[in-house]
Amino acid sequence: MTQEIPDALALVQTGSVGAATPDQVRAWRREIQRFLLQYEFGLREIDTKLSILRDEFLELHDYNPIEHVSSRVKSPESLLEKIARKGVSHDLDAVREHITDIAGIRVTCAFVSDVYRLFDLLTRQDDVTVQTVKDYIASPKANGYQSLHAIVTVPVFLSSGAVPVPVEVQFRTVAMDFWASLEHKIYYKYRRAVPTALIDELREAADTAAEMDARMERLHRQVRADTAHAEQR
């Protein structure tokens, strides 16, 4: 990376991007875009693995454990904002080390058991390395948020060689996803200054969503047990 890139990043971090020359701005934007392209490839690798698991379940078990998959890579502007907020070094190797949610993929399942099953199947693959796991299903956040978060590293093979790319993978149920989406919209609407009464309502809604997940899981197991019993007759 040329010296122009750190200089331009420093200007962005201090809010003085207007002081950067056009060449500096173009240089750091090209470098960031190349950097982010690796994360796009990393997302494709994880998405392909999930697609294979989904297709296998459909073909062999006539069952799809995945309801929905969505993914995103941070924009250059969003990444630079986070670099500034966290005070990370301008060096892109440091950015890779300290900012682990540049690439993110969310897997939505119908049942909690499918969440853990897919997590296990994905992370047991030889070329997937687990960096960190945060199980907010077993231990929900204080506001009621539930999800299973994992930072995994997957190799991306470029013309210059293999690059280990970290990807944040979130597993959650439909109920958890609905609650998280609503909570995000409320906090955005109130610019994070949410009234206490609404916070309490959100916490109760999280409890209701968790209860629904537990009930649907019991129904799911009962249906599977009844089906297996009928097939044995």
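The values are calculated or read from the model by the stated rules, or taken from the named source; none is laboratory data. Please read all numbers here as calculations on a predicted model, not as lab measurements. Cβ coordinates were reconstructed from backbone atoms using ideal geometry, including for glycine residues, and neighbour counts include every protein chain displayed.
Of all residues in the stretch 175-186, count the ones that are under 20 Å from Lys134 (Cβ atoms) and not small (Gly, Ala, Ser). Residues flagged as under 20 Å from Lys134 (Cβ atoms) and not small (Gly, Ala, Ser) within the stretch 175-186 amount to 5.
Only one of Val133, Val223, Val174 is within 29 Å of Gln38 (Cβ to Cβ) and not hydroxyl-bearing (Ser, Thr, Tyr); which? Steps first, answer last, please.
On the way: Val223 fails: within 29 Å of Gln38 (Cβ to Cβ); Val174 fails: within 29 Å of Gln38 (Cβ to Cβ).
One residue alone meets the criteria, Val133.
Of the residues Leu11, Leu43, the single one that is modelled with pLDDT of 95 or more and not in a loop (DSSP other than H, G, I, E, B) is Leu43. Can you find a residue in the stretch 209-225 that is without any contact (Cβ under 8 Å) to a residue 60 or more places away in the chain and either under 27 Å from Glu40 (Cβ atoms) or among the hydroxyl-bearing types (Ser, Thr, Tyr) (or both)? Scanning the stretch 209-225 turns up no residue that is without any contact (Cβ under 8 Å) to a residue 60 or more places away in the chain and either under 27 Å from Glu40 (Cβ atoms) or among the hydroxyl-bearing types (Ser, Thr, Tyr) (or both). Checking each residue in the stretch 52-78 for being over 21 Å from Ala103 (Cα atoms) and among the acidic types (Asp, Glu) picks out Asp55, Glu56, Glu59, Asp62.
Rundown of residues vs (1) within 18 Å of Lys141 (Cβ to Cβ); (2) within 22 Å of the chain's Cα centre (by Cα); (3) not hydroxyl-bearing (Ser, Thr, Tyr), yes/no style:
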| site | (1), (2), (3) |
| --- | --- |
| His184 | yes, yes, yes |
| Ala197 | no, no, yes |
| Arg203 | yes, no, yes |
| Asp207 | yes, no, yes |
| Glu211 | yes, no, yes |
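For the stretch 63-101, filtering for residues that are over 19 Å from Tyr116 (Cα atoms) and either of a type in the set (Phe, Trp, Tyr) or part of a loop (DSSP other than H, G, I, E, B) (or both) leaves 10.
Every listed requirement among (1) crowded, with 18+ Cβ neighbours inside 10 Å; (2) over 23 Å from Phe57 (Cβ atoms); (3) in contact with a Ser or Thr (Cβ under 9 Å, 6 or more places away or on another chain) is met by Gly144 save one, (3).
Of the residues contained in the stretch 155-162, one or more are found to be in contact (Cβ under 8 Å) with a residue 60 or more places away in the chain, of a type in the set (A, V, I, L, M, F, W, C) and surrounded by fewer than 18 Cβ atoms within 10 Å (Cβ to Cβ). Residues that are touching a His at 6+ places or on another chain (Cβ under 7 Å) and either in contact (Cβ under 8 Å) with a residue 60 or more places away in the chain or surrounded by fewer than 16 Cβ atoms within 10 Å (Cβ to Cβ) (or both) within the stretch 59-100 comprise just one, Lys86. Residues being hydrophobic (A, V, I, L, M, F, W, C), at pLDDT 95 or above and under 23 Å from Ile66 (Cα atoms) are entirely absent from the stretch 157-166.
Kindly evaluate Thr132 against the criterion of being surrounded by 16 or more Cβ atoms within 10 Å (Cβ to Cβ), within 13 Å of the chain's Cα centre (by Cα) and of a type in the set (Ser, Thr, Tyr).
Numbers: surrounded by 16 or more Cβ atoms within 10 Å (Cβ to Cβ): no; within 13 Å of the chain's Cα centre (by Cα): yes; of a type in the set (Ser, Thr, Tyr): yes.
Criteria not met by Thr132.
Farther than 14 Å from Asp213 by Cα, out of contact with any strand residue (DSSP E or B) (no Cβ under 9 Å at 6 or more places or on another chain) and of a type in the set (Gly, Ala, Ser): does that describe Ala142? Here the answer is yes, as Ala142 does meet what is asked.
No other residue among Arg192, Arg124 is loosely packed, with under 11 Cβ neighbours inside 10 Å and on the phi > 0 side of the Ramachandran plot apart from Arg192. Take the conditions (1) under 16 Å from Asp213 (Cβ atoms); (2) in a helix (DSSP H, G or I); Asp120 misses just one of them, which is (1).
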